Every structure is written in C-alpha cells, then in structure tokens.
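One structure is given below, encoded as structure tokens.
The values are calculated or read from the model by the stated rules, or taken from the named source; none is laboratory data. Just so you know, these numbers come straight off a predicted model, no measurement behind them. Every residue, glycine among them, receives a Cβ derived from its backbone with ideal geometry; neighbour counts consider all protein chains shown. Each accessible area value is taken on the protein alone, full model and side chains, heavy atoms only, with ligands, DNA and RNA left out. Shrake-Rupley method; radii C 1.70, N 1.55, O 1.52, S 1.80 Å.
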Amino acid sequence: VISMEGSRANRREMFDMGVAGPLAGLAVALPITWIGILRMSATPAPGDSFCFHNPLLFQYMIAWLRPEYPTPAVLYLNQFNAFLMAGWVGMLVTGLNMLPISQFDGGHVAYALLGKRSHVLARGLLVAAIVFVLTTEKYMWVIMLVVVILLGVDHPPTADDRCQLGRVRKVIGWVALLIAVLCFPPLGITPITR
C-alpha cells in the first residue's frame, strides 16, 4: 500500500507508481508459478489441513501446463512445493494490491484512469466485498475490510488531476486492473474439518 498525500504526485506519477509494483510482482510470480506447476505431483491426494482455492490465472496455468491434473481450482497444503507456494502467495498479494480501492496500487491506477468516478467503483467494491463475506462466511477477509475502511475507501486527489495519462498508459492501466480479477482468490484458504 502506497499511502501518499495527493500534493506530492500528479496523476501520471501516481499511475506510474501504482502500476509498476504489481507488474513487477507478476513478472516474478508467473515464472515461479510455472516452475511450481511443472514440479507438482502427478497424482494429487487431498490433504487434511487446508484447501487453497486458486486464483483464475493459477487455474489457467495448471490446466494448460498440466491438463491431466484433476483439480485446477483447488490445491491442498500437502500438494504444494516451495515454488508453487511462492507463486500462490505472490499472486494473492499482487491481486489484493490491485483491487481498485483506497490507497492500494489498484486504487492509484483506478483514480488515475477515472478521477473522482473511481470513488463509485471503490464504494461498490467495498459493498460487494461485505456482501460476499456475509453470504459466503469467508470471515478471513474481515480484517482486510477493516483495514480498507480505516484507510478510507476513496482515493485522495493528486497534486495535479488535470495531468493527462496518454493512450499507452490508459491501455496499460485497464489491463493492469484485470490483475485483481486474475490473481486474487476470493475464496482464499479453507480449513478442512473432519
């Protein structure tokens, strides 16, 4: 989370700072995940401790690299190797950071793209997240919701909101916002109770 006073950076600088970290994180997480998937056991056995619900990008990579693998949507703790765990956590952190809300990098990018209209997106996402937590009973996200609420849902103005991004930055920004959809696992980690 890059928490900055708006008076320190203009719209373009805020965008550049917001998009650089997640793209770099994804550039590291993807090859690590690739190696981890190739090293997965060919015959997975469900574990008895935790079930990890995979982000979409993780699922697509498993289905592409290991089409014989029966459960690309979930992995159990005993199925992880070090690379796979590092890739999963890397995608979780990158996807979480790219949520278009508050002072997250995704909030910086969304504000640079949409200006004050990003507040509607951020508030809608917060309401959707609260409804999701209450209806699915995924209470592990409550602490994150509290942090977001305490930080403030809306992104503050920049030093110069009139500064134009340009076409290339806009395209990169909209593609970067997809990182949250592809890398964040909403169902997270589920303890297995027997």
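So for region 7-15 (the condition being at pLDDT below 90, buried (at least 16 other Cβ atoms within 10 Å of the Cβ) and of a type in the set (G, A, S)), does at least one residue qualify? Yes, region 7-15 has at least one match. Applying the selection to region 112-153, what residues are among the charged types (D, E, K, R) and open to solvent by 50 Å² or more (accessible area, probe 1.4 Å)? Scanning region 112-153 gives K116, R117, R123, E137. Whenever a residue of region 17-42 is closer than 19 Å to L96 by Cα and part of a helix (DSSP H, G or I), its partners that are open to solvent by 60 Å² or more (accessible area, probe 1.4 Å) and not aliphatic (A, V, I, L, M), lying with C-beta atoms within less than 6 angstrom and at least six residues away or across chains, give the pairs I32/F83. Just to be sure before I move on: is L177 more than 23 Å from V89 (Cα to Cα) and surrounded by 15 or more Cβ atoms within 10 Å (Cβ to Cβ) in the structure I sent? Taking the combined requirement at face value, the residue does not satisfy it.
Is at least one residue of region 155-174 basic (K, R), in contact with a helix residue (DSSP H, G or I) (Cβ under 7 Å, 6 or more places away or on another chain) and in contact (Cβ under 8 Å) with a residue 12 or more places away in the chain? The answer is yes, given that some residue of region 155-174 is basic (K, R), in contact with a helix residue (DSSP H, G or I) (Cβ under 7 Å, 6 or more places away or on another chain) and in contact (Cβ under 8 Å) with a residue 12 or more places away in the chain. Kindly evaluate V148 against the criterion of being in contact with a Ser or Thr (Cβ under 6 Å, 6 or more places away or on another chain), in a helix (DSSP H, G or I) and touching a residue at least 12 places away in the same chain (Cβ under 8 Å). Here the answer is yes, as V148 does meet what is asked.
One residue stands out among those in region 156-194 that are in a loop (DSSP other than H, G, I, E, B), at pLDDT 85 or above and not small (G, A, S): the one that is farthest from Q103 (Cα to Cα), which is L187.
In region 160-174, the residue that is farthest from L121 (Cα to Cα) out of those that are open to solvent by 60 Å² or more (accessible area, probe 1.4 Å) and not basic (K, R) is V168.
Report yes if A86 is without any contact (Cβ under 8 Å) to a residue 12 or more places away in the chain and over 24 Å from L145 (Cβ atoms), otherwise no.
On the way: without any contact (Cβ under 8 Å) to a residue 12 or more places away in the chain: no; over 24 Å from L145 (Cβ atoms): yes.
No, not satisfied.
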